[in-house]
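Q: I'd like to ask you about the structure that follows.
The values are calculated or read from the model by the stated rules, or taken from the named source; none is laboratory data. Every value quoted in this text rests on a predicted model; they were computed, and no experiment measured them. Cβ placement follows ideal geometry from the backbone for every residue including glycine, while neighbour counts extend to all protein chains displayed. Note: areas computed on protein heavy atoms with side chains; ligands, DNA, RNA excluded. Shrake-Rupley method; radii C 1.70, N 1.55, O 1.52, S 1.80 Å.
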Amino acid sequence: MSLFALSCNAQSKKGVQEKQNVSEQVYDTADYPDEVVPIVKSADEWASELTKMEYYVLREAGTERSFTGDLWDNKKEGTYVCRACGLALFDSETKYKSGTGWPSFYAPIKSEYVGEDTDYKLGYARTEVHCARCGGHLGHVFPDGPKPTGLRYCMNSVSMDFVPKEDN
Ligand code: FE
């Protein structure tokens, strides 16, 4: 994890919220809107607000290396929000140990808060998952998760921010 933080620190630091690396908390509160109103920004706008790694994963559907993110082993109570727009995505109550090295959940906070697409990047169909508000790529969902849903939302740490419960 420290190596990853170092490599991120070495990247150019820009962004309206002065993010230094992926482990710095950006959002103080999680956003739970009644209605998801799409946020549309140009590639240049996103690039000015995200680190290079965040941009690569969120806007170019990249994947962080497993066990390198800052949230896969996070055991605190709280809310996982979209790194790009702050939308509440996952509650810590649905997080479980998948052994993959990526933060894994069995359900989103609201189905309306995440969108899905079919991704053939690896030559076979996978279900891609993105933030329903800003379109930021989060990861994929697989049908091998635990009860009660049987789903495994396999997310990138870098696509999310964590808001501890006491801050909600
Ligand atoms: Fe978002």
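Q: Which of the numbered conditions does Thr118 fail, given that it passes all the others? Conditions: (1) touching a Leu at 6+ places or on another chain (Cβ under 7 Å); (2) assigned to a strand (DSSP E or B); (3) away from the ligand (no atom under 16 Å from the Cβ).
A: (1)
Q: Moving on to the next point. Going by the structure shown, is Val158 within 16 Å of the ligand (Cβ to nearest atom), within 22 Å of Phe67 (Cβ to Cβ) and either open to solvent by 60 Å² or more (accessible area, probe 1.4 Å) or not in a strand (DSSP E or B) (or both)?
A: Criteria met by Val158.
Q: Could you tell me which of the residues Pro103, Pro38 is out of contact with any Pro (no Cβ under 9 Å at 6 or more places or on another chain) and closer than 15 Å to Asp161 by Cβ?
A: Pro103
Q: Any idea which of (1) more than 15 Å from the ligand (Cβ to nearest atom); (2) free of Cβ contacts under 8 Å to residues at least 24 places away in the same chain; (3) within 23 Å of Ile39 (Cβ to Cβ) is the one Gly62 doesn't satisfy?
A: Of (1) more than 15 Å from the ligand (Cβ to nearest atom); (2) free of Cβ contacts under 8 Å to residues at least 24 places away in the same chain; (3) within 23 Å of Ile39 (Cβ to Cβ), only one is false for Gly62: (2).
Q: I would also like to ask the following. Quick one: in segment 57-84, which of the residues that are assigned to a loop (DSSP other than H, G, I, E, B) and out of contact with any Phe, Trp or Tyr (no Cβ under 9 Å at 6 or more places or on another chain) is least open to solvent (accessible area, probe 1.4 Å)?
A: The residue in question is Ala61.
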